[in-house]
Structures are given as structure tokens and as C-alpha cells.
Amino acid sequence: MSNDAIFFTQIASIVGFIVALFAIYKVLIQQKDAVIQLLKEQIQIKNECITDLKLATPDSLAKSLNERIVIFETEIKRLKLDEKNHKLEIEDKENIVNKVRELLLELAGKIEDESLVCPDCGAPLVTRHYQTEYREFDGVDRSIGDVECALYQCGYASEDQIERSPCRNKHNS
């Protein structure tokens with residue numbers, strides 16, 4: 001083989017190597033861009049979930065029910081001015097208001113039943129989780145059960161309904 005053939009073969013292999021290197025680089029860049037786009041979409045979905053959860057808090061539900069009561073009460077007052085013509089409508093609206101009030105009382109009862117508020121001051125629950133507690137017995141760690149841990153906005157913390165941190169608002173209530 002002549003020197004020219006060896007030279008051109010080496011040049012071709014170097015050019016081929018560089019082209020392959022750039023092709024691999026381009027594929028990796030496209031993959032990175034696809035991962036970034038996927039993560040952006042996942043963040044958007046999570047933000048929508050957070051917004052939906054904020055709208056479904058007990059406070060927002062109670063506020064919504066209170067607004068409905070106010071609307072119905074103003075409508076009832078308006079209809080009572082012309083009571084003779086709207087007697088059935090008034091009774092229907094009063095029944096709806098009573099049902100909404102019952103729902104509001106039921107919601108308030110559920111909030112208290114579910115320990116969603118501090119037992120001392122009524123501050124909302126921040127976090128609640130369960131953790132498995134272990135004890136050593138005969139040299140072996142054994143599970144003794146799950147413990148409920150709750151933390152409220154006022155600083156009150158409890159484990160299995162035993163106070164671990166006092167309520168900062170206790171003196172204010």
C-alpha cells in the first residue's frame with residue numbers, strides 16, 4: 001500500500017470518527033431536551049394538582065357554603081317583598097338554605113372529628129403522618145405498631161394524641 005492510500009484512509013477514519021461523535025452528541029442533546037420538556041409538563045401537572053387541592057380545603061368549602069347561604073337569604077328577602085306571588089319559591093329557597101346550613105354544620109363536625117384543627121385554639125392541621133415504632137426485644141428490633149404524628153399551624157404537635165409540643169395560641173383562646 002502506498003503512503004497516499006494510508007494517508008487518505010487515516011483522514012477518512014478521522015472524519016468518520018468526528019461525524020459519529022457529532023451524531024452521538026446530537027442524539028444526547030435531543031434526549032436531554034425531551035427530558036426537560038417532560039419535567040416541565042410534570043411540574044405543570046403538579047401545579048394544577050396543588051391549585052385543585054387548595055380549592056378543596058375545608059376553609060374554602062365552608063366559605064363557598066357561606067356564600068351560598070348569603071345569596072339564598074338575599075333572594076328570600078327579595079321574594080318575601082312579593083310574598084303572595086312567590087310563596088312556593090320562598091319555601092323552596094328556605095328548604096335549600098336549611099339543607100346548606102346542615103351541610104355546613106356536618107362539615108364543621110367532620111373537621112373536628114377528623115382532628116383537622118388544633119384541640120386548643122382551632123388552628124388548621126399542617127401535616128399528619130404515621131410512622132412505625134420499633135422496640136428491641138431479646139436483641140431483635142420488633143415493630144410495636146404505627147404511631148400517628150400530627151403538627152398544627154400553631155405549633156401544637158402530638159404523637160398518638162399525646163402532646164409533644166404545646167400550642168402557642170393556648171393563652172389567646
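The values are calculated or read from the model by the stated rules, or taken from the named source; none is laboratory data. Fair warning: this is a prediction, and the values are worked out from it, not measured in the lab. With ideal geometry, Cβ positions are generated from the backbone for all residues, glycine too; neighbour counts draw on all protein chains shown. Surface accessibility is based on the protein's heavy atoms, side chains included, excluding ligands, DNA and RNA. Shrake-Rupley method; radii C 1.70, N 1.55, O 1.52, S 1.80 Å.
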Original post:
Which FRET efficiency value, to the nearest 0.05, do you get for Asp138 and Glu159 by plugging their Cβ-Cβ distance into 1/(1 + (r/R0)^6) with R0 = 30 Å?
Top reply: 0.70
Original post:
Once every DSSP H run of n ≥ 4 in the chain is given -39500 (n - 2.57) and the sum is divided by its residues, what mean residue ellipticity at 222 nm do you get, rounded to the nearest 500 deg cm²/dmol?
Top reply: -22000 deg cm²/dmol
Subject >> Solvent-accessible surface ranking, highest first, for Leu53, Leu65, Leu103 at 1.4 angstrom >> reply: Leu53, Leu103, Leu65
Subject >> Potential lengthening between Ala20 and Leu105 on full extension [0.36 nm per residue; Cα-Cα distance subtracted] >> reply: 23.5 nm
Original post:
In degrees, nearest 10, range 0 to 90: what is the angle between the Cα axis of helix 58-81 and the longest Cα principal axis of the chain?
Top reply: 40
Subject >> C-alpha long axis of helix 87-113 to longest principal axis of the chain, angle in ° >> reply: 60
Original post:
Over the heavy atoms of Thr51, what accessible area does a 1.4 Å probe trace out, to the nearest 10 Å²?
Top reply: 70
Original post:
At a 1.4 Å probe, what is the % contribution of carbon and sulfur to the accessible area of region 38-173?
Top reply: 52
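Tell me the per residue accessible area of region 1-132 using a 1.4 Å probe; a whole number in Å² is fine.
Counting only protein heavy atoms, the per-residue value for region 1-132 is 82 Å².
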Subject >> Isotropically averaged projected area of the chain, using the convex hull of Cα atoms (one quarter of hull area), nm² >> reply: 26.9
**OP:** May I ask for the net charge around Lys99, where only other residues with Cβ less than 14 Å from the Cβ of Lys99 are counted and Lys, Arg are +1 while Asp, Glu are -1?
**Re:** -3
Original post:
So what does Thr127 come to for accessible area, using a 1.4 Å probe and Å² rounded to 10?
Top reply: 70
